[in-house]
Amino acid sequence: MQQDTGIQRKLAALFAADVAGYSRLMAADEEFTTTTLTQYREIMDGLIAHHGGRIANTAGDSVLAEFTSSVEAVRCAVEVQEALRHRNDPLPSDKRIRFRIGIGVGDVIEREGDLLGDGVNIAARLESLAAPGGICVSSDVRDQIEGKLTLQVQSLGNQRLKNIPRPVRAYQIGLEDGARLSVIAILRRQLRGRGTGLALTTLLCVGAAAGVVVYHHVWEGGGANGLSAARDALDRQALEAAAKEAITGRDILRTEAFNGHDYSIVAADGINWAEADAEARAMGGSLVSITSQAQNDFIADLIRQEDTLWEEWKPGHFIGPWIGLLHQPDVESAEKGWIWVNGAPLGYSNWYEHQPDNRDGNESVARFHYWGGDSKPQWGDASGLEKAKGYIVEFE
């Protein structure tokens, strides 16, 4: 007879909340913080119960609750943050108690009412990504609420969370400026310990994710012909707004890891290079930079079986997704002057025959070409106004 261990496994939507800056608040005014936190917890606990949740674990300022529905967990989180925002508004900024909330879905162990397991840890790590007063959810949660809740959802890309062996794709729920702040916080964290050359590119990524700047710094000098035409054809603010809106509905065909980076293959029929660049940055990544044969083979294997990425240009010749390669405006040679959007010079290359040729004088970006069967996709230069059916995003 199997011994009853008292341990039960189940699948649950996990809601993890924690007060931002709790130690500082307590050190500044212990009595006020304790009293106010008690009041806020009454609001939170009531909303959790109202939406069918159960509080499983508590410790100090943190709360872990389980829901049978991701939709109800997110709905509860939004109502909690809105209710507490109204309570915080009259308070001085240094006395406001703001929760971060993370929501994930996972298989958990229940033991004497407490919840344990990897799913709990992921929810807690997602909470740490959220801005004060914000909400961060996993890709599973995002998929389950899509079409059921009308919310602004923005990708933060694949995140490597502490003590979690696999990357976790995270999304933020738009609440006031909390979404923008969480993107900036994550990218600033990624910036630490890097050189100044990469810092410039990363700070531009921050601007794109926050809806401030979309174009890569190379464009600021006027851009090469294709890029200049694309820039003139698209209003900056419209492009930024479109990028943030578009990524919530994009079809990510697959995401795979290689050599410490993650790569997402995104289907986006009718997208030009500038739009793809903006969307990649709004996701927290960038159009892919390919710097070795091994990396190129990895990318090629990912994309060549995805029929939705390819359009027949000539019989047996297919044009495919955008990559993050662009030509510097002050270099006349079609073969020289190519750099990656991350600032790296072009060392390794995989141009197909007679490429790049800057045909018609306006081919200043690059995309994959494919001849079908067992052939390997290769690169070709292109106009920034051409349309593609997708692009490849790289997350560091």
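The values are calculated or read from the model by the stated rules, or taken from the named source; none is laboratory data. Note that the coordinates shown come from a computational prediction; the quantities given were computed from them, not determined experimentally. Here the Cβ is made from the backbone with ideal geometry for all residues, glycine too, and neighbour counts use every protein chain on show. These area figures cover heavy atoms from the full protein model, side chains too; ligands, DNA and RNA do not enter into them. Shrake-Rupley method; radii C 1.70, N 1.55, O 1.52, S 1.80 Å.
Here are the numbers for the structure shown:
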| quantity | calculated |
| --- | --- |
| Local electrostatic count at Gln378 - Lys and Arg +1, Asp and Glu -1, tallied over other residues with Cβ under 14 Å | -3 |
| Separation in nanometres of the label points that stand 7 Å from Cα toward Cβ, at Ile252 and Thr38 | 4.3 |
| At most 12 other Cβ within 10 Å, DSSP loop - GluC sites (Glu not before Pro), region 316-373 | Glu332, Glu353 |
| Added length on full extension, which subtracts the Cα-Cα distance from 0.36 nm per residue, Asp301 to Glu82 | 74.3 nm |
| Value of relative contact order over region 70-128, rounded to a whole percent, pairs C-alpha under 8 Å and six or more apart | 29 |
| For q = 0.11 Å⁻¹, Debye-computed log10 I/I(0) when each Cα of region 287-370 counts as one equal scatterer | -0.31 |
| 1.4 Å probe accessible area per residue over region 272-322, in Å² | 33 |
| Percent accessible area from carbon and sulfur atoms, region 1-114, protein chains only, probe 1.4 Å | 47 |
| Region 313-358: chymotrypsin sites (Phe, Trp or Tyr not before Pro) in DSSP loop, at most 15 other beta carbons within 10 Å | Tyr348 |
| Per residue value of the accessible surface for region 27-171 (all protein chains in place, 1.4 Å probe), Å² | 46 |
| Spherically averaged projected area of region 323-388 from its Cα convex hull (nm²) | 4.9 |
